[in-house]
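Chemist: Structure provided below as structure tokens; questions to follow.
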Amino acid sequence: MAKSNFDINKLLSQMTLEEKVGQLIQLNSMFIGETTADITGPKEQLGVSDSMLAKIGSTLNFHSFAEVKALQDGHMEKDRLGIPLLFMMDVIHGYRTIFPIPLALGASFDPELVKDCTRMAAKEASAGGIHVTFTPMVDYVRDARWGRVMETCGEDPLVNSVMGAAQVEAFQGDDISDPENIATCVKHFAAYGGAEAGRDYNTVELSERLLRECYFPAYKACLDAGANMVMPSFNSLNGVPSIANKWLIQDVLKGEWGFDGIIISDYNAIGELLKHGIAQNAKDAALMAFENGCDIDMMSAGYCSSLCQLVEEGKVSEKKIDEAVLKVLELKRELGLFEDPYHGGSTEKEEALCLCPEHRAIALRAAEECAVLLKNNGTLPFSKDIKNIAIIGPFADSNAIKGFWACNGLDKECVSVAEGVKNLLPDAKITVAAGCSAEWNVCDKDGFAEAVEAARNADAVILCLGEPQNYSGEGNSRADLGLPGEQMALAREVLAVNKNAAAVLFNGRPLVLTELDEIAPAILDMFFPGSEGGNAAARLLFGEANPSGKVTMSFPKSVGQCPIYYNHPSTGRPKARPENVHQPYASSYIGCGNKALYPFGHGLSYSDFSYESLELDTDRMSADSEINVRVTVKNNGDRAGKEVVQLYMRDLCASAVRPVQSLIAFKKVDIGAGETVTVDFTITEEMLRFYNFRCEFISEPGDFEVSAGYADNLILTKKFTLE
Ligand code: GLC
């Protein structure tokens with residue numbers, strides 16, 4: 001695509017102050033569009049005049065090209081200078097063809113798969129008239145009680161960084177004016193996932209050291225990949241809400257990292273400064289946010305009602321307004337909107353692309369690769385010769401498996417497990433019985449008898465359990481991580497009558513599965529797999545596909561262990577006794593172990609992989625040398641499979657406490673039946689760096705260990721020394 005040479009400086013010179021401020025305001029369909037022209041309530045509440053409304057620069061969450069086109073046409077007619085609107089949306093894991101939630105995407109450990117899914121989403125969204133997505137969300141998280149766990153890639157900085165950068169590259173391509181590419185907005189800066197007690201929007205108090213070591217890397221990786229925009233987070237960070245946090249935005253984001261793109265507030269985050277108690281009124285909040293570098297105000301009264309006045313009063317310079325406006329106009333120019341305000345979108349394209357066979361195939365592959373086989377005593381895969389199958393549980397025939405933040409995806413367009421099994425085994429007798437509800441407060445067991453009878457009479461049982469998709473996502477935190485309602489009671493009764501059974505889970509976060517793990521012969525976690533979830537589950541259960549996912553977040557034994565994460569320091573009193581034995585005067589719980597039920601990096605396969613060796617080409621390195629590591633993995637089974645070879649490092653002694661292990665590299669490899677493969681990694685001095693207590697990013701001479709395997713199950717450990 002030829003780059004636009006539209007003269008935005010000339011345009012700026014023609015704009016009035018109100019037209020400039022309009023470009024810094026983003027309002028949604030409550031305020032603009034055919035359906036709302038006469039609604040005055042929200043406008044009055046926000047203090048926005050009709051005159052200002054006609055001049056806003058961007059909008060969000062319109063759901064079809066037809067809507068977008070109508071709005072853009074109307075706007076362009078009214079706007080004196082014909083400046084096109086920017087259309088933004090949360091295209092988090094698909095636009096209409098929905099692929100697995102990001103927590104599951106991370107479990108694929110396959111950045112190329114993430115790119116394939118993201119390319120698909122970019123094409124569909126752009127055809128639908130979307131110019132910018134509020135993605136990637138790369139909030140580092142350690143507490144599964146937090147609802148937005150589903151939207152992130154979990155507790156490891158490297159996985160979050162790799163998957164976040166992959167999304168930026170895949171959404172933006174080489175040129176965002178290309179109709180198949182859209183711009184990105186990395187969020188939520190910063191440390192939104194550190195909400196105290198895992199309760200959404202709650203206070204975040206974290207040391208600078210921990211922020212830099214775990215919470216910052218993924219945002220920085222996305223900016224290094226070229227993300228166009230940044231969205232600061234709702235939460236206060238060490239006492240100051242991010243949108244007004246000078247250290248975070250001025251010193252780190254703009255100062256240290258040199259970010260000079262658009263900063264957009266989260267939804268009414270500027271207005272929330274009053275609730276936080278650090279702004280007296282909308283005008284103060286607007287001043288605070290604008291002075292701190294917030295360019296666009298999403299959905300608050302701040303800029304609408306006060307920014308012009310602040311300029312007229314001399315509290316904000318028009319020069320600063322011009323700088324912010326030029327960023328917005330530059331993004332519109334880069335997108336080619338001055339030449340084509342529709343960015344190549346059309347209803348024809350949208351209808352041709354959304355849920356087309358090729359896109360459904362991508363969603364299917366993703367749902368298969370993101371699933372994690374948590375447990376298997378050999379029951380799986382089921383034989384395809386089975387003729388009589390009972391599919392039981394609240395998710396047995398549920399299409400509500402697209403997950404939160406599913407954009408334009410519809411439940412009815414998602415394939416349920418029962419539908420998937422019927423598609424795969426059209427001749428089998430399939431009995432479906434929900435048995436009970438998945439709601440936490442619905443405790444009736446009326447459906448048990450039918451479910452247990454179906455299980456008793458079946459050759460195999462698929463027990464579909466989980467948490468409703470609106471129990472995770474924004475605002476949906478949980479204080480209990482068990483299977484809601486009577487699902488465990490149902491599982492106990494069903495599994496008591498038929499041992500040829502497997503549990504299939506639908507969840508937006510790690511759940512507490514300790515009892516299920518004791519009684520279920522096999523457990524396959526689909527998370528929220530999206531449009532092709534049921535087909536993927538069926539193909540995995542009956543061996544048409546081989547599970548390869550690995551959890552990117554620890555599954556606790558008890559919610560009381562939260563926050564629980566693999567890359568934890570040793571403490572001065574690490575527990576030495578067995579998991580189920582309390583050890584007084586050690587870092588230990590009475591009645592519960594310290595370890596996760598399923599630790600970070602865990603996931604089983606139908607293949608039988610063994611790690612034969614881990615070799616270093618030298619056991620000494622200096623700051624300007626490297627160590628080459630070769631891991632040899634064998635597939636002893638009769639099935640080809642994919643294995644995520646993970647490389648962990650431990651710094652044995654440093655000037656600050658170090659994690660007992662840190663993932664420093666991973667590669668997902670195909671290994672044929674009986675095949676042996678070697679996987680090569682390189683250890684560099686930069687991989688050994690950490691933030692010392694003065695927050696200097698340094699490496700220190702000393703001894704290190706490098707291991708293959710996964711958290712809590714490190715193998716083939718070798719030592720080396722940094723001189
Ligand atoms: C929400 C979310 C943010 C999203 C925005 C626009 O409140 O916090 O992630 O991008 O509003 O929908």
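Chemist: Once fully extended, how much extra length lies between Ala479 and Ile386, figured as 0.36 nm per residue of separation less the alpha-carbon to alpha-carbon distance?
Modeler: Stretched out fully, the Ala479 to Ile386 stretch lengthens by 29.5 nm.
Chemist: Let me ask something additional. Suppose R0 equals 56 Å; then what is the FRET efficiency for Arg456 and Ala654 from their Cβ-Cβ distance, rounded to the nearest 0.05?
Modeler: 0.45
Chemist: Label point 7 Å out from Ser51 along Cα-to-Cβ: which residues of the range 73-89 have amide N under 18 Å?
Modeler: 78-82
Chemist: Counting Lys and Arg as +1 and Asp and Glu as -1, each charge on the Cβ, what is the dipole of the chain about the Cα centre in debye, to the nearest 20?
Modeler: Working: 66 positive and 101 negative charges, 269 e Å.
So the dipole magnitude of the chain works out to roughly 1300 debye.
Chemist: Whole-Hz ³J(HN,Hα) for each residue in the range 548-557, computed from phi via Karplus 6.51 cos²θ - 1.76 cosθ + 1.60 with θ = phi - 60°, x for glycine and proline: what do you get?
Modeler: Whole-Hz 3J(HN,Hα) from phi for the range 548-557: 9, x, 9, 5, 9, 8, 5, 8, x, 6.
Chemist: With n ≥ 4 as the cut-off for DSSP H runs, can you work out [θ] at 222 nm for the chain, using -39500 (n - 2.57) per run divided by the number of residues, rounded to the nearest 500?
Modeler: -7500 deg cm²/dmol
Chemist: Using 0.36 nm per residue of separation minus the Cα-Cα distance, give me the extension gain between Trp440 and Ser570 in nm, one decimal.
Modeler: Full extension from Trp440 to Ser570 adds 43.2 nm.
Chemist: When Lys and Arg each count +1 and Asp and Glu each count -1, what net charge do the other residues less than 10 Å away from His93, Cβ to Cβ, add up to?
Modeler: On the way: positive: Lys402; negative: Asp90, Glu151.
Once all neighbours under 10 Å are counted, the net charge is -1.
Chemist: If r is the Cβ-Cβ distance from Asp175 to Phe6 and R0 is 22 Å, what FRET efficiency results, to the nearest 0.05?
Modeler: In this case the efficiency is close to 0.90.
Chemist: Mind pulling the angle between the C-alpha long axis of helix 157-172 and the longest principal axis of the chain? Nearest 10 degrees, somewhere in 0 to 90.
Modeler: Here the helix axis deviates by roughly 50 degrees.
Chemist: Quick one: if you stick a label point 7 Å off each Cα along the C-beta vector at Phe697 and Thr16, how many nm between them?
Modeler: So the label points at Phe697 and Thr16 sit 4.7 nm apart.
Chemist: With a cap of 16 neighbouring Cβ atoms within 10 Å, and only residues DSSP puts in a loop, list the trypsin sites (Lys or Arg not before Pro) found in the range 542-646.
Modeler: Arg639
Chemist: Of Lys123/Lys332; Lys275/Lys402; Lys43/Lys69; Lys115/Lys429, which sit over 27 Å apart, Cα to Cα?
Modeler: Flagged as over cut-off: Lys275/Lys402; Lys115/Lys429.
Chemist: To check you understand DSSP bridge types, tell me what percent of the beta bridges within the chain (both residues inside) are antiparallel, rounded to 5.
Modeler: 55
Chemist: From the square roots a ≥ b ≥ c of the eigenvalues of the alpha-carbon gyration tensor of the range 375-473, which class results: rounded (a/c under 1.5), prolate (a/b over b/c), or oblate?
Modeler: On the way: a/c = 1.95, a/b = 1.33, b/c = 1.47.
Since a/c reaches 1.5 but b/c is at least a/b, the shape of the range 375-473 is classed as oblate.
Chemist: Separate question: Within the range 210-253, find all residues whose amide N lies under 15 Å from a label point positioned 7 Å from the Cα of Glu334 along Cα-to-beta-carbon.
Modeler: Within reach of a label on Glu334: 222-231.
Chemist: Ranked highest first by the average count of other Cβ atoms within 10 Å around their residues, in what order do 271-279, 136-144, 582-590 fall?
Modeler: The densest-packed peptide leads the list: 136-144, 271-279, 582-590.
Chemist: Now for a different question. Starting at the first residue of the range 598-607, write each ³J(HN,Hα) from the Karplus equation 6.51 cos²θ - 1.76 cosθ + 1.60 with θ = phi - 60°, in whole Hz, x for Gly and Pro.
Modeler: Ordered by residue, 3J(HN,Hα) equals 10, x, 3, x, 7, x, 9, 9, 7, 7 Hz.
Chemist: Can you compute the modelled spin-label distance between Asn238 and Ala489, with each label point 7 Å from Cα toward Cβ, in nm?
Modeler: For the pair Asn238/Ala489, the computed spacing is 4.9 nm.
Chemist: Compare the Cα positions of Gly709, Pro599, Met687 along the charge dipole of the range 552-710 (+1 at Cβ of Lys, Arg; -1 at Cβ of Asp, Glu; about the Cα centre) and return the one farthest towards the positive end.
Modeler: Pro599
Chemist: A further question follows. Give me the distance in nm between label points sitting 7 Å out from Cα along the Cα-to-Cβ direction at Glu515 and Lys499, one decimal.
Modeler: About 2.2 nm, to one decimal.
Chemist: What is the calculated FRET efficiency for Thr618 to Ile590, with r their C-beta to C-beta distance and R₀ = 45 Å, to the nearest 0.05?
Modeler: 0.45
Chemist: With the full set of protein chains in place, find how many percent of the accessible area of the chain is carbon and sulfur; take the probe as 1.4 Å.
Modeler: Within the chain, the accessible surface is 49 percent carbon and sulfur.
Chemist: Something else about it: Return the tail of the calculated pair distribution for the range 77-154, meaning the percent of Cα-Cα pairs more than 22 Å apart.
Modeler: Of the Cα pairs, 35 percent sit more than 22 Å apart.
Chemist: Students often check this: by mean Cβ neighbours within 10 Å, which of 399-410, 678-689, 431-442 ranks highest, and how do the rest follow? The partial results should precede the final answer.
Modeler: Working: 399-410: 23.2, 678-689: 16.4, 431-442: 19.1.
Per-residue mean Cβ counts within 10 Å order the peptides as 399-410, 431-442, 678-689.
Chemist: Sticking with this one: Assuming 0.36 nm per residue, please report the length gained on full extension of the stretch Leu206 to Lys429 beyond their Cα-Cα distance.
Modeler: Computed gain between Leu206 and Lys429 is 74.7 nm.
Chemist: For the chain, report the accessible area per residue in Å² (1.4 Å probe, heavy atoms, rounded to an integer).
Modeler: 36
Chemist: Using the alpha-carbon atoms, what tilt in degrees (0 to 90, nearest 10) does helix 357-370 show relative to the longest principal axis of the chain?
Modeler: 60
Chemist: Follow-up question, since we're still on this one. Helix 282-291 sits at what angle to the longest principal axis of the chain, using alpha carbons and giving 0 to 90 degrees rounded to 10?
Modeler: 80
Chemist: Counting Lys and Arg as +1 and Asp and Glu as -1, what is the net charge of the other residues whose Cβ lies under 13 Å from the Cβ of Val48?
Modeler: -2
Chemist: Here's something else I'd like to know. Amide H to amide H, which residues 5 or more places from Ile389 or on other chains are under 5 Å from it, using H placed in the peptide plane?
Modeler: The list, which skips near neighbours in sequence, is Lys429, Ile430, Thr431, Asp459.
Chemist: Let me ask something else about it. Beyond 36 Å, what share of the Cα-Cα pairs of the chain is found? Please give it as a whole percent.
Modeler: Cα-Cα pairs of the chain separated by over 36 Å account for 44 percent.
The values are calculated or read from the model by the stated rules, or taken from the named source; none is laboratory data. Note that the structure is predicted; figures quoted are calculated from it, not measured. Neighbour counts are summed over all protein chains in view; Cβ atoms, including those assigned to glycine, are modelled from backbone coordinates with ideal geometry. Each accessible area value is taken on the protein alone, full model and side chains, heavy atoms only, with ligands, DNA and RNA left out. Shrake-Rupley method; radii C 1.70, N 1.55, O 1.52, S 1.80 Å.
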